[in-house]
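Notes for the one structure printed next.
The values are calculated or read from the model by the stated rules, or taken from the named source; none is laboratory data. What you see is a predicted model; the values in this text were computed from it and never measured. Cβ placement follows ideal geometry from the backbone for every residue including glycine, while neighbour counts extend to all protein chains displayed.
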Amino acid sequence: MPYRTLITVAELQALQREGAPLLLLDCGFDLADPDVGARAYAEGHLPGAHYLHLERDLSAPAARDADGRFPGRHPLPAREAAAALMASLGLRPGVQAVAYDAQGGMYAARAWWLLRWLGHDAVAVLDGGRQAWVEAGGALDTGAPAREAAAPAYAAAPSPAATMPTLQADALLAQLGRLRVLDARAPERYRGDVEPLDAVAGHIPGALNRFFKLNLRPDGRFKAPDELRAELAPLLAGTEAAAVVQQCGSGVTACHNVLAFEHAGLGTTVLYPGSWSEWCADPSRPVARA
């Protein structure tokens, strides 16, 4: 059976010993220093891993459309472009993909979500990330594997709603009060005490705060499924997973909460890709604070 949420270092190493086909994705990043991940990758990464940059590989350009609407700081890439990129890295049906970073999975979860969005079931986040690999005695490499310029196309699932559903701003606005919205940002940003990245402080009215770092243990690994389930189930309050919308600042750490819900066995929740950075860019949308 493929790994679909998390994979441990021991499980990954067992697959390597068996010679199983693997695609390793290094997703290290820092919003305050967008090149820190690429530098860390050059200094040492899991052997055979490709580097994916959040803003160049895992997002489309954050540009306003012809009507002046802002899609958020990290809009989703076109599915065709994402499928072509992953195919060039070696993604094929049945290949186990493993995404990791050194930031508690906050960027690896975005890659996990994108591959699932394409319809690729065999993708997991490396629990504990780069640190867990090193602590287990795993070797690091400084060479970068080549991308395949003429790779066969990866056939993405015909309907993303059947794999990883999304909701857009207008639809969310129309259903406020009828959907359960969870905000993955830090509590001080959720409350509107501070806002270091976006033009307006606050949160979507009615949203509840579930800081994504609460999904982790102190060592940076995810909490066990039963522990996550005990913490997350009360947030559902009887709501089906399909009516739970995950958002954050720009649709990145919200994927961490999507992953946590799935790992806890609570089902597939909905991603609002534009998140707060898109929501607050339109002054006609309501804002709540405190």
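Remarks
- Here segment 8-37 is the region considered, the condition is being of a type in the set (D, E, K, R) and part of a loop (DSSP other than H, G, I, E, B), and the residue that is nearest to Arg130 (Cα to Cα) is Asp30.
- The residues listed here are Asp121, Asp127, Asp183; of these, the one that is touching a His at 6+ places or on another chain (Cβ under 6 Å) and touching a residue at least 24 places away in the same chain (Cβ under 8 Å) is Asp183.
- Remark: pairs (first residue in segment 49-72, on the phi > 0 side of the Ramachandran plot and buried (at least 18 other Cβ atoms within 10 Å of the Cβ); second residue in a loop (DSSP other than H, G, I, E, B) and modelled with pLDDT of 95 or more; Cβ separation under 8 Å; 6+ apart in sequence or on different chains) = Gly72/Ser250; Gly72/Gly251; Gly72/Pro273; Gly72/Gly274; Gly72/Ala281.
- Apart from one condition, Val134 fits all of (1) in a helix (DSSP H, G or I); (2) outside the structural domain of His45 (by TED's automatic domain parsing); the exception is (2).
- Sole residue being in a helix (DSSP H, G or I), without any contact (Cβ under 8 Å) to a residue 24 or more places away in the chain and either among the acidic types (Asp, Glu) or more than 23 Å from Asp282 (Cα to Cα) (or both), chosen from Ala81, Ala40: Ala81
- Members of segment 240-258 found to be part of a helix (DSSP H, G or I) and over 17 Å from Val125 (Cα atoms), listed by number: Ala241, Ala242, Ala243
- Of all the residues in segment 176-221, those that are hydrophobic (A, V, I, L, M, F, W, C), surrounded by 18 or more Cβ atoms within 10 Å (Cβ to Cβ) and part of a helix (DSSP H, G or I) number 1.
- Flag if Leu114 is among the aliphatic types (A, V, I, L, M) and under 16 Å from the mean Cα position of the chain (by Cα): yes
- Consider segment 259-276 and keep the residues that are assigned to a helix (DSSP H, G or I) and buried (at least 24 other Cβ atoms within 10 Å of the Cβ). The one that is farthest from the chain's Cα centre (by Cα) is Trp276.
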